[in-house]
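Everything below concerns the one structure shown next.
The values are calculated or read from the model by the stated rules, or taken from the named source; none is laboratory data. Here the structure is a predicted model, which is why all the values come from computation and not from measurement. We place every Cβ from the backbone using ideal geometry, glycine too, and count neighbours over all the protein chains shown.
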Amino acid sequence: MIKAIFFDIDGTLVSFRSHEISRTTISALHELRARGIKLFIASGRHRLIMDNLSGFPFDGYVCMNGSLVFDRDEMIYLHPLDREDAASVMALAEKDNIPCVVFAEREIVMNCLNDTTEEVFRMIHLPAPEPVPFSRYSGRQVCQFTIFLDEAAEREKLAPCLKHSVTARWHPEFTDIIPEDISKAEGIGRLISRYGIARDEVMAFGDGGNDVEMLEYAGIGVAMGNAVPQVQAHADYVTSTVDEDGIVAAVRHFGLL
């Protein structure tokens, strides 16, 4: 019996076309909640930029791929990056002029912008942070980076900087950098333990590479139809695309509605 559902945001719950949750999906969320199912977010986003959830009152939030977790409005977990790794990443970004977003517990900053960053921020319907030199940010605690480089540059330039951190890519042009022992699955585990919910009572929806761990962790992992084949391969079920209300189709398939 499913007692909790976790949703990725971009490309899963929210369309890149409309930048909002569809009315059909919102209606399904309300019906699921009326049936006593807990509904949570599990995203690479910081909660400060979860501005596209149509005001729906989710029960909790796994933010920044699991490094910051909220039970409703109560922060229950914070896991920052290794300080030496963080310093190395910021030094690389400054030296090579690589756009990089820093996510801290209560703020978001960025070192520079380019055409790719402008396109990505338009895609996710968010204003770009005002660029500031990372020299102003050195020594502070970092929860996550999003750095704009492709997979080849990640292997060549970024990998040597990461001793206690890993990457979680959900777009060809950028990757998130998170602590090596953290994932959306870790954040899910911390939330469901507070509610006495078991793994096999959890359903999770995702479409990106940073969703793989939670799709495998959940009792039922559902990949969106717009997910790449490598992500779909880790799911128990592949539904239709986000623009075809894939979440609604899946919960109906499993008899939750």
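Every residue, every condition in (1) part of a loop (DSSP other than H, G, I, E, B); (2) within 11 Å of the chain's Cα centre (by Cα), yes or no:
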position: Thr12; (1), (2): yes, yes
position: Glu31; (1), (2): no, no
position: Leu39; (1), (2): no, no
position: Gly55; (1), (2): yes, no
position: Val62; (1), (2): no, yes
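Within segment 73-89, how many residues are under 19 Å from His164 (Cα atoms) and in contact with a Leu (Cβ under 8 Å, 6 or more places away or on another chain)?
6
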**Asked** In segment 154-179, which residue that is without any contact (Cβ under 8 Å) to a residue 24 or more places away in the chain and touching a strand residue (DSSP E or B) at 6+ places or on another chain (Cβ under 9 Å) is surrounded by the most Cβ atoms within 10 Å (Cβ to Cβ)?
**Response** Thr167
**Given (1) under 28 Å from Thr239 (Cα atoms); (2) of a type in the set (S, T, N, Q); (3) not assigned by TED's automatic domain parsing to the domain that holds Leu53, number of the condition Asn210 does not satisfy** = (3)
**Message:** Looking at segment 190-240 only, could you name the residues that are touching a Ser or Thr at 6+ places or on another chain (Cβ under 9 Å) and either free of Cβ contacts under 8 Å to residues at least 40 places away in the same chain or in a strand (DSSP E or B) (or both)?
**Reply:** Phe205, Gly206, Val212, Glu213, Tyr217, Val222, Ala223, Gly225
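Condition check ((1) modelled with pLDDT of 95 or more; (2) under 18 Å from Ala223 (Cβ atoms); (3) not assigned by TED's automatic domain parsing to the domain that holds Gly221) across all residues:
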{"site": "Val14", "(1), (2), (3)": "yes, yes, no"}
{"site": "Arg17", "(1), (2), (3)": "no, no, no"}
{"site": "Ser22", "(1), (2), (3)": "yes, no, no"}
{"site": "Glu31", "(1), (2), (3)": "yes, no, no"}
{"site": "Gly44", "(1), (2), (3)": "no, yes, no"}
**Message:** Scan segment 91-103 and tell me whether some residue there is out of contact with any helix residue (DSSP H, G or I) (no Cβ under 7 Å at 6 or more places or on another chain), within 21 Å of Leu13 (Cα to Cα) and without any contact (Cβ under 8 Å) to a residue 24 or more places away in the chain.
**Reply:** no
**Message:** When you check Arg35 against the structure, is it free of Cβ contacts under 8 Å to residues at least 24 places away in the same chain and in the same structural domain as Asp207 (by TED's automatic domain parsing), yes or no?
**Reply:** no
**Asked** Any chance segment 83-95 includes a residue that's closer than 29 Å to Ile247 by Cβ and of a type outside the set (Phe, Trp, Tyr)?
**Response** no
**Fill in**
When every residue in segment 1-12 that is charged (D, E, K, R) and within 24 Å of Val120 (Cα to Cα) is compared, the one modelled with the highest pLDDT is Asp8
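Yes or no: Val228 buried (at least 17 other Cβ atoms within 10 Å of the Cβ) and assigned by TED's automatic domain parsing to the domain that holds Gly44?
No; evaluated as a whole, the condition is false for this residue.
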**Prompt:** Within segment 77-100, is even one residue surrounded by fewer than 22 Cβ atoms within 10 Å (Cβ to Cβ), of a type in the set (A, V, I, L, M), in a strand (DSSP E or B) and at pLDDT 90 or above?
**Reply:** yes
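Residue under question is Phe121, and the condition is that it be part of a helix (DSSP H, G or I) and surrounded by 15 or more Cβ atoms within 10 Å (Cβ to Cβ); does it hold?
Here the answer is yes, as Phe121 does meet what is asked.
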**Fill in**
Residue hits (segment 128-155; assigned to a loop (DSSP other than H, G, I, E, B) and either acidic (Asp, Glu) or at pLDDT below 85 (or both)) are Ala128, Pro129, Glu130, Tyr137, Ser138, Gly139, Arg140, Asp150
**In segment 109-118, the residues that are surrounded by 18 or more Cβ atoms within 10 Å (Cβ to Cβ) and outside any helix (DSSP H, G or I)** = Val109, Met110, Asn111
